[in-house]
1. Subtracting the Cα-Cα distance from 0.36 nm times the residue separation, let me have the gained length for L416 to N144 in nm, one decimal.
2. Based on the Cβ-Cβ distance of S36 and R98, what FRET efficiency does E = 1/(1 + (r/R0)^6) give at R0 = 25 Å, to the nearest 0.05?
3. What nm distance separates the two modelled labels at D257 and Q46, each placed 7 Å from Cα along Cα→Cβ?
4. Give me the distance in nm between label points sitting 7 Å out from Cα along the Cα-to-Cβ direction at D446 and S478, one decimal.
5. What list do you get for W438, W167, W497 if you sort them by fewest beta carbons within 10 Å?
6. I need two numbers for the range 435-494: Rg to one decimal and Dmax as a whole number, Cα atoms only, in Å.
7. Using the 10 angstrom Cβ neighbour count as an exposure proxy, how do K143, K392 rank, fewest first?
8. Gap in Å between the Cα centre of the range 33-92 and the Cα centre of the range 390-460?
Amino acid sequence: MADHGSHARIDCTPLPTPPPTEFASERNDDGVPVTSSIDWGRVVHQESRHVASWILYLHRRQDEQIIPLLETAASGLAIGPGVLPSKWPAFRETGVMRVCVDLMMEPGMLAPPTDLETFGPNQYVHKIIVLLSYCIRLLMDSKNNPQDAYYSRELYERRDEFFKFLWDIRLLISSANAAGTSISTLLPMFVQTSITWLVRIFDRYFDYVPTLSTYAAHSLLYHWSTCKPDSFTIDSISILRSLMAHDKDNIQEFVNDYISHSNNSHLRRLFFKFCQHLSGAFNPAPDEDAFSVFWVSCKFFTYRMDAFVPFDVMDVDGPLPSLTMSFHRQRCSGANVRTVSAPDLVKVLLPAFKAMSEAAPDLFDRKLSQYGGTLDVVSMIGQSIITVIEEKLQDDLDIPLDVLKRIQVSTAMQRLRDSNHSQSGSYVYLLRSTTRIWHDTLLAIDKIRAKGAGQRRLKDASLVAWRDYGSVFNLKESIRNHSAKTPSKLSDKSPYWKIKKRCFSNECACSVAYPTLHKFRVCKGCYRALYCSAKCQAADWEVGHRATRARVHDGLGEFVPGVDQTVARSVDGGLTVLAATMPAGVTGIERAGLNAVANTGGADNEFRELYADRLAAVD
């Protein structure tokens, strides 16, 4: 292998003697087996205790036969979960894992390649990581096997060095991407799974959780942001959140360090990956823990929103709409998403909102105006206010009150600029969202029994701000009160798949948010109502759906459940205005909403025809 000297791992120790084998069809004059004649499959399965020695021998000789040996050894361990390969004890006890780690850590292993030769670092490191990854998986699957616990210490004692190596190897992945090799898709998967499994192994046997300074978290986030999700890597973001939560005092330092090691191209990719997964617009990972994505992204937006501002422009779906959609999706427990409590969401959301408003205040105001009603930001802010009072979050009340004030100012400015503002799409949606929850939120705030002067101040300030916000829409206590705790009005569409995709539980934000991009379930009793989940269906049942499901209502009024016909007529006129006043660029969220309206009957023919023109104009 002299022609591969540019990538040689230089070692001055004497070359080892070859291990014994019965499966070489050729030997030289000294009786040494010709490596190219060895049946590696039979060596792996019948001479398992010599595999580690063969790996070292071929590596020291820089023999290309190490590639098929590594591949064959890995395939011998790649069997179904819960099944222990017969060769695993021999691999474990003869130090296959230790050998793999030693080879990866040798100086020069990460030297940049000059061509696409087979024995270049990309291919070679990849084969070693694959074999090591299968070994790690067997350690994790073995539960509390004393032998596995003993041999896992080989990895535990070199954990910091190993995690740093996996972070550094992202440079090789970049080279593979540039070359268009298959490594660009396979290597990130094995890196992610190796880290997630090691985190569990170290916690099980050594009661140890890697700190954020070990680069395990760095690698998880990097590969999560650059690869497509699959069944093996969907828990990477959950493991990342657990690492960050366990080392919470160093989260800001971790965020800063990660961003300092990232170029603009990667930051852009990370930004859009966050937003895409938060909104669920393209259902990128249906089994992924939505709260973990929400939590991690909020931490990055909180501490370094300044790094993402260049990518958050009006014609893209940025963090404000994406976080709002994720908040609602988790609260209603849509398909494949576990329900998360409001306090858990609010506590990480508010600092992110504050960072967004401070990093780009004008853009924040414009996005509030664009999405405040359509995505029902208002109910999220109302829930935030209640949480701040109940949890006595003295330093956080200014954040939701500031958002309310920004919406008020925007609405007032719109009124000054346009005498027909009440017919505009943004105002109509904002009125609908506000009317649905304003009175219920006011009652919820008022019913909180304040304990202590601090909580009393929070409650009093919130009541003043909420009443002031309601006055913008002529909402007052005891006057035309509307409650979300009313049964839904049934759709008149038939068959049921033509029903506009919204939740028929008036207590769910997805009853007014536009669009709602998750799947719905139909009521099997009437086939005239859709729900996000069994939770939403049960909530509607409790407030009277059972008694009303036989009635079918006509007109657009059924699209605005519980809102009086004055508001319904405003929505009727406003939908067409909204379509005619869409911004110049159609964003991903808006595109999905237009599709939903056009494909499910929409508001009217004019809106459906305009939909086709709008998409054609930007395609």
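Every number in this text was worked out from the coordinates using simple rules, so none of it is lab data. Quick caveat: nothing in here was measured; it's all calculated off a predicted structure. A quick note on method: Cβ atoms are made from the backbone with ideal geometry, for glycine too, and the neighbour counts reach across all protein chains shown.
1. Length difference between fully extended and current span is 90.9 nm.
2. 0.40
3. Placing both labels 7 Å beyond Cα along the Cβ direction yields 5.1 nm.
4. Label-label distance for D446 and S478, simple model: 0.9 nm.
5. W497, W167, W438
6. 15.1, 56
7. K143, K392
8. Measuring centre to centre over Cα atoms gives 66 Å.
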